[in-house]
Amino acid sequence: MALDFQQVRALFAATDAPLADRLAGQLARSRPPFAPEEALPRIAAVLADPAAGAVADWPELESVRLALAAAADRRRLLAPRPTPLPYEIYGPAGIDRSALKQMDDVMRLGPVVAGALMP
C-alpha cells in the first residue's frame, strides 16, 4: 500500500524544504514492505538518527537515510567553530592586522585542521 505524501512530508518538518520535499516524495512513491502504520514510525526513527544503521528491508528508506546523513555531514563541515584553531605566525612584524583577521576566520571553518601565517 502506498504512503500518503502529506503524512510522510509532515515527518520531515525539521528538514530543509527542498530536501524534505524530494525525500518525502521518494518515500511516498515507494512501496514499503509493510503497512503504513508500521512504515511511518520507521521513517520517523531514521529521521531522528540517520547514522543509527542501515535499513536493509526497505531500499528507498535506506537511500533517504544516506541522503540525510550526507546532509548532516555537509552542515557540520559548514558550521564555523566558536573560536579559531591555534596556528603559528611566522614573521609577525610583516603581517597586516586584516591578514590576521582573515586567518582567524579561516581557522574557524569546519574542514580546516591546521594552518600557519607567513608574510
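Along the positive direction of the dipole of the range 5-78 (beta-carbon charges: Lys, Arg +1; Asp, Glu -1; about the Cα centre), which of PRO36, LEU23, LEU47 reaches farthest?
LEU23
Could you work out [θ]222 nm for the chain from helices alone, using -39500 (n - 2.57) per DSSP H run of at least four and dividing by all its residues? Round to the nearest 500 deg cm²/dmol. Please report the intermediate quantities before stating the final value.
Details: 5 runs with 64 residues, N = 119.
Roughly -17000 deg cm²/dmol at 222 nm, from the helical runs in the chain.
Would you work out the relative contact order for the range 1-106, in percent, from Cα pairs under 8 angstrom that are 6 or more residues apart? Don't skip to the answer; put the middle values down first.
Values: 66 pairs, mean separation 22.4, N = 106.
It comes to 21 percent, rounded to a whole number.
Order by neighbour count: MET118, MET103, fewest other Cβ atoms within 10 Å first, most last. Please list the in-between numbers first.
Numbers: MET118 11, MET103 17.
So the residues, fewest neighbours to most, are MET118, MET103.
If you average the alpha carbon positions of the range 1-20 and of the range 67-119, how far apart do those two centres end up, in angstrom?
About 36 Å separates the Cα centre of the range 1-20 from the one of the range 67-119.
Of the candidates ALA24, ALA35, ALA99, which one comes out as most mobile in a Gaussian network treatment of the chain with C-alpha springs shorter than 10 Å?
Residue with maximal mean-square fluctuation among ALA24, ALA35, ALA99: ALA99.
Work from the charge dipole of the chain (Cβ charges, +1 for Lys and Arg, -1 for Asp and Glu, about the Cα centre) and give the residue of GLN7, ALA71, PRO84 farthest towards its positive end.
The Cα lying farthest towards the positive end belongs to PRO84.
Taking the Cα atoms only, what angle lies between the long axis of helix 17-29 and the longest principal axis of the chain, rounded to 10 degrees?
Taking Cα atoms only, the helix is inclined about 30 degrees.
List the chymotrypsin sites (Phe, Trp or Tyr not before Pro) within the range 1-101 that DSSP assigns to loop and that have no more than 16 neighbouring Cβ atoms inside 10 Å. Write down the numbers at each step before the final one.
Details: sites: PHE5, PHE12, PHE34, TYR87, TYR90; in loops: PHE12, PHE34, TYR87, TYR90.
Of the chymotrypsin sites (Phe, Trp or Tyr not before Pro), the ones in loops of the range 1-101 whose Cβ has at most 16 other Cβ atoms within 10 Å are PHE34, TYR87, TYR90.
Would you mind ranking VAL55, VAL113, VAL8, VAL106 by Cβ crowding within 10 Å, fewest neighbours first? Walk me through the intermediate numbers first.
Numbers: VAL55 18, VAL113 7, VAL8 24, VAL106 14.
With the sparsest Cβ surroundings first, the list reads VAL113, VAL106, VAL55, VAL8.
Taking amide H positions as placed 1.01 Å from N in the peptide plane, with prolines and chain starts having none, which residues 5 or more places from LEU117, or on another chain, fall under 5 Å of its amide H?
The list, which skips near neighbours in sequence, is GLU88, ILE89, TYR90.
Once the Cα atoms of helix 36-48 and of the chain are each reduced to a long axis, what angle between those two axes, in degrees from 0 to 90 to the nearest 10, is obtained?
Between the helix axis and the principal axis of the chain, the angle is about 10 degrees.
Here, each number is a calculation from the coordinates, and none is a lab measurement. Everything quoted here is computed from the prediction, not taken from an experiment. For neighbour counting, all protein chains shown are included, and Cβ atoms are generated from backbone atoms with ideal geometry for every residue, glycine included.
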